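What follows is a single structure, written as structure tokens, with notes after it.
The values are calculated or read from the model by the stated rules, or taken from the named source; none is laboratory data. Treat the numbers as computed from the prediction; the structure is a model and nothing was measured. Because the Cβ atoms are built from the backbone with ideal geometry, glycine has one as well, and the counts that use them run over all protein chains shown.
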Amino acid sequence: MSVRSFHAWLCGTAKSLRSAQRAAILRQNLRKMPRACTESGAGVSIDVLLAGRVSSINHLASRRATALRDCSAILHRSPARRFRPDRVAARLAWSTLATRRHGPIRSRPANMHADGTSSSATNLPRGPRMNHRLNRREALLAALGAAFASAARSSAQELLLLPPVAPAGNVRLLFFNTHLLPTIAQTVAGHRGQDDYRTAAIANQLDRYDVVGLCEVFESRRREEIIRVLQQNSRNAFHAIEQPKPWGRHLIGSGLLLLSRYPIVGEPHFLTYQDASRVLTSGWKADGFAAKGVIHAQLQLSEQPPAQVDCFLTHLESVSSAARAKQITELAGFIAAHTSPDRPAILMGDLNVAADYPVNAASTATEYGQLTSALLYGQQRFVDLWPAFYAERGGTSDALALEKARRIDYVFLSPPPTIGPMLAPTEIRIEPFLDEKVKQGSLSDHAGVACQFTLR
């Protein structure tokens with residue numbers, strides 16, 4: 001096959017067919033290619049393009065990386081007047097359709113015998129070797145064509161190693177108190193055990209969600225393991241935010257970990273609560289050893305139309321109700337400083353405040369009433385989502401006895417703005433995360449709270 005005939009095969013359907021969506025994806029990804037790349041030359045062998053689809057994931061990753069290096073080197077060496085990304089994108093998009101319809105051009109692999117048997121388990125098809133130095137434009141087409149032909153079922157974003165973006169229509173959220181306590185606290189607060197297994201098992205549950213808030217992940221190695229497993233399962237789709245441990249009297253950090261499939265807008269914000277129970281008043285179970293606080297991040301749910309949401313993750317005092325009341329005041333002020341009336345906001349966390357049952361949010365005689373009153377003050381008026389859907393207790397403090405457990409883990413939503421995209425809750429449920437491999441029967445002493453929202 002000559003270079004000219006090969007070029008015609010790759011681009012022949014460009015004039016008769018148009019794919020605006022695929023061309024737009026390619027144009028966007030071409031612009032995002034890194035400018036600092038290894039100069040690998042423009043010489044590409046035609047047999048690379050004719051190699052067919054690859055079944056090995058490792059081999060696929062290697063070929064995608066090679067295609068990226070070749071393309072980027074050509075992109076930044078070629079004059080702008082000679083390179084038209086829009087035309088190349090359209091031609092490559094339709095060459096992919098031609099490959100899907102007719103299949104890649106193949107010849108018998110070199111390691112296949114005349115009787116049809118193969119001497120290798122890999123058995124990758126190999127095309128005719130035709131060494132030819134292509135010009136820059138042809139080399140670019142060949143390199144991108146190889147990437148598309150080897151993974152025709154993958155999207156252009158996956159081929160160019162860009163993290164996928166969660167669907168803007170639905171937002172799946174989870175809050176979970178993991179009970180992954182540090183060694184220093186296990187003798188006092190109780191040791192659940194099997195921390196290595198529970199860490200991995202919890203991480204394997206998280207890629208089902210788009211936004212995840214975790215608390216009591218105090219040790220950095222536990223957070224790193226959760227992030228590693230989640231990124232492996234989701235193909236590096238998540239952004240992770242950890243609250244830094246402040247200098248001072250605290251022995252351990254906040255234990256908070258916020259994970260988002262959506263991009264983070266700007267910089268996250270942190271607050272460490274000033275009030276907490278102390279050893280002199282509360283004994284060795286005092287919460288003052290931990291730098292409990294709150295994380296704020298603004299998430300980009302959609303670019304067109306633009307839609308952001310303010311997300312807050314917190315863990316309040318568990319021993320002293322007086323210290324917890326002061327923390328609620330600090331939390332309300334922090335929320336007021338980082339929200340806007342034109343954006344919805346979500347607050348999730350272990351607030352260590354037992355919800356009234358039946359719910360009476362209008363009363364300030366109980367701690368729950370004081371909590372809801374504090375969150376109704378200001379420009380963002382938060383609503384407790386559980387009683388908006390159910391009249392049941394909804395206990396979360398004991399994953400194995402939900403009917404008797406207290407509801408101390410919450411997801412609050414501020415009313416959607418009157419102008420612009422709205423975030424509407426469609427579902428909320430309790431996730432006990434039962435696991436028979438854990439001695440106690442569940443991954444944590446708490447149950448998780450899972451929600452789903454619709455972006456309208």
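In the range 441-456, which residues are surrounded by 15 or more Cβ atoms within 10 Å (Cβ to Cβ) and over 21 Å from the mean Cα position of the chain (by Cα)?
Matches in the range 441-456: SER442, LEU443, SER444, ASP445, HIS446, ALA447.
Yes/no per residue for (1) over 17 Å from GLN243 (Cβ atoms); (2) touching a residue at least 24 places away in the same chain (Cβ under 8 Å); (3) crowded, with 23+ Cβ neighbours inside 10 Å:
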residue	(1), (2), (3)
LEU316	no, yes, yes
ALA323	yes, yes, yes
LYS326	yes, yes, no
GLU330	no, yes, no
GLY333	yes, no, no
ALA336	yes, yes, no
SER340	yes, yes, no
ARG343	yes, yes, no
MET348	no, yes, yes
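Please work out if PRO358 is buried (at least 21 other Cβ atoms within 10 Å of the Cβ) and farther than 25 Å from LYS292 by Cβ.
Against the criterion (buried (at least 21 other Cβ atoms within 10 Å of the Cβ) and farther than 25 Å from LYS292 by Cβ), PRO358 does not qualify.
May I ask you to list pairs of residues, at least six apart or on different chains, whose Cβ atoms are under 7 Å apart, with the first in the range 194-206 being closer than 14 Å to ASN233 by Cβ and the second being aliphatic (A, V, I, L, M) and surrounded by fewer than 20 Cβ atoms within 10 Å (Cβ to Cβ)?
Listed by first residue and then by second, the contacts come to ALA200/VAL229; ALA203/VAL229; ASN204/VAL229.
Looking at the range 379-390, is at least one residue within 26 Å of the chain's Cα centre (by Cα), at pLDDT 95 or above and assigned to a helix (DSSP H, G or I)?
Yes.
Any chance you could count how many residues in the range 280-310 are within 20 Å of VAL217 (Cα to Cα) and either at pLDDT 95 or above or surrounded by 17 or more Cβ atoms within 10 Å (Cβ to Cβ) (or both)?
Looking only at that region, the number is 12.
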